[in-house]
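Participant: What follows is a structure written as structure tokens; I'll ask about it next.
The values are calculated or read from the model by the stated rules, or taken from the named source; none is laboratory data. As the structure is a prediction and not an experimental result, all values here were calculated from the model. Cβ placement follows ideal geometry from the backbone for every residue including glycine, while neighbour counts extend to all protein chains displayed.
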Amino acid sequence: MGSAIGEILPTAIGVAISPIPIIAVVLLLSTPKGKGNALSFLLGWLIGLGLVGVIVLLLADPAGASEDGSPAIWVGWLFAVLGLVAVLIGIRSFLGRPRGHEEPPMPKWMAAIDKFNAGRAIAIGFVLAALNPKNLTLTLAAAAAIATSGLSTTDSYIVLAVFVLIGTIGLAIPIGIYFLGGEKAEETLAELRHWLALNNATIMAVLMVVIGAKLIGSGMRVVFA
């Protein structure tokens with residue numbers, strides 16, 4: 001199980017470092033219903049990551065993802081394709097990065113974040129976890145790695161749970177600051193939001209290119225083993 005956790009660790013960290021969702025949590029915490037909505041957003045995020053992972057694990061065995069305890073050739077190609085997608089996402093983020101120190105525009109739905117209720121917060125958290133191209137790519141790669149690791153069903157789901165928990169750390173940090181940061185919590189969160197907004201594109205670019213290269217390498221090892 002330890003080797004499987006080590007295999008999914010980079011993708012889990014990649015999911016955890018998600019600037020836009022973290023900014024969303026910071027903004028939610030500044031609204032009248034902040035605590036409840038931020039926790040609802042976190043719940044939606046957990047459900048989104050977990051659901052994608054569970055679907056992959058359920059489909060992996062019937063699809064023949066493992067051959068004699070090793071990943072099937074098509075899984076190697078899947079890793080390579082997901083790695084290429086990750087690299088392209090990284091390049092796109094780099095090319096679209098803001099110039100100078102002006103904050104880039106945020107997604108339009110953030111303008112109405114003060115009007116969110118618990119249901120909408122859960123829905124947005126779910127969508128950003130399960131359907132966002134970056135997180136979907138990384139979660140698919142992690143779940144495929146778990147499915148071909150030769151673990152028992154129980155251990156596979158334990159490793160998936162570890163992936164989901166690690167992938168949620170980024171969102172948990174501002175919530176922890178809010179509850180434990182005392183009088184300086186609001187100032188600290190404002191600084192975090194500003195820094196993430198300025199550096200979102202660069203963070204995404206470096207992160208996705210590095211993880212993408214690793215996935216491509218893993219895929220090629222399977223294909224040409």
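Participant: Residues being buried (at least 20 other Cβ atoms within 10 Å of the Cβ) and either at positive phi or not in a helix (DSSP H, G or I) (or both): count how many of those fall in the stretch 18-39.
Facilitator: Counting residues in the stretch 18-39 that are buried (at least 20 other Cβ atoms within 10 Å of the Cβ) and either at positive phi or not in a helix (DSSP H, G or I) (or both) gives 1.
Participant: Would you mind telling me which numbered condition in (1) farther than 22 Å from MET106 by Cα; (2) within 20 Å of the chain's Cα centre (by Cα) VAL15 fails?
Facilitator: All conditions are met except number (1).
Participant: One residue is enough: does the stretch 163-178 have a residue meeting the conditions in contact with a helix residue (DSSP H, G or I) (Cβ under 7 Å, 6 or more places away or on another chain), closer than 30 Å to PRO105 by Cα, aromatic (Phe, Trp, Tyr) and at pLDDT below 95?
Facilitator: Looking through the stretch 163-178, at least one residue is in contact with a helix residue (DSSP H, G or I) (Cβ under 7 Å, 6 or more places away or on another chain), closer than 30 Å to PRO105 by Cα, aromatic (Phe, Trp, Tyr) and at pLDDT below 95.
Participant: Looking only at the stretch 178-225, which residues are exposed (fewer than 15 other Cβ atoms within 10 Å of the Cβ), of a type in the set (Lys, Arg) and more than 23 Å from TRP77 (Cα to Cα)?
Facilitator: Hit for the stretch 178-225 is LYS184, nothing else.
Participant: Residue by residue through the stretch 1-15, note down the ones that are aliphatic (A, V, I, L, M) and either outside any helix (DSSP H, G or I) or surrounded by fewer than 21 Cβ atoms within 10 Å (Cβ to Cβ) (or both).
Facilitator: Start the filter on the stretch 1-15 by keeping residues that are aliphatic (A, V, I, L, M), which leaves 1, 4-5, 8-9, 12-13, 15.
Hits for the stretch 1-15 are MET1, ILE5, LEU9, ILE13.
Participant: Is it the case that PRO62 is under 27 Å from VAL222 (Cβ atoms) and either in contact (Cβ under 8 Å) with a residue 12 or more places away in the chain or outside any helix (DSSP H, G or I) (or both)?
Facilitator: Numbers: under 27 Å from VAL222 (Cβ atoms): yes; either in contact (Cβ under 8 Å) with a residue 12 or more places away in the chain or outside any helix (DSSP H, G or I) (or both): yes.
Yes, satisfied.
Participant: Would you check which residues across the stretch 89-111 are within 19 Å of GLY14 (Cα to Cα), surrounded by fewer than 20 Cβ atoms within 10 Å (Cβ to Cβ) and touching a residue at least 40 places away in the same chain (Cβ under 8 Å) and list them?
Facilitator: Our first condition is that a residue be within 19 Å of GLY14 (Cα to Cα); within the stretch 89-111, this holds for 89-94, 97.
With surrounded by fewer than 20 Cβ atoms within 10 Å (Cβ to Cβ) added as a condition, the list becomes 91-92, 94, 97.
ILE91, PHE94, ARG97 - these are the residues of the stretch 89-111 that are within 19 Å of GLY14 (Cα to Cα), surrounded by fewer than 20 Cβ atoms within 10 Å (Cβ to Cβ) and touching a residue at least 40 places away in the same chain (Cβ under 8 Å).
Participant: Report the residue count in the stretch 127-179 for those that are touching a residue at least 40 places away in the same chain (Cβ under 8 Å), within 29 Å of THR31 (Cα to Cα), assigned to a helix (DSSP H, G or I) and not aromatic (Phe, Trp, Tyr).
Facilitator: Residues flagged as touching a residue at least 40 places away in the same chain (Cβ under 8 Å), within 29 Å of THR31 (Cα to Cα), assigned to a helix (DSSP H, G or I) and not aromatic (Phe, Trp, Tyr) within the stretch 127-179 amount to 18.
Participant: Additional query: Report yes if VAL25 is in contact (Cβ under 8 Å) with a residue 40 or more places away in the chain, closer than 24 Å to TYR157 by Cβ and out of contact with any Gly (no Cβ under 8 Å at 6 or more places or on another chain), otherwise no. Quick ask: steps written out before the conclusion?
Facilitator: Values: in contact (Cβ under 8 Å) with a residue 40 or more places away in the chain: yes; closer than 24 Å to TYR157 by Cβ: no; out of contact with any Gly (no Cβ under 8 Å at 6 or more places or on another chain): yes.
The answer is no for VAL25.
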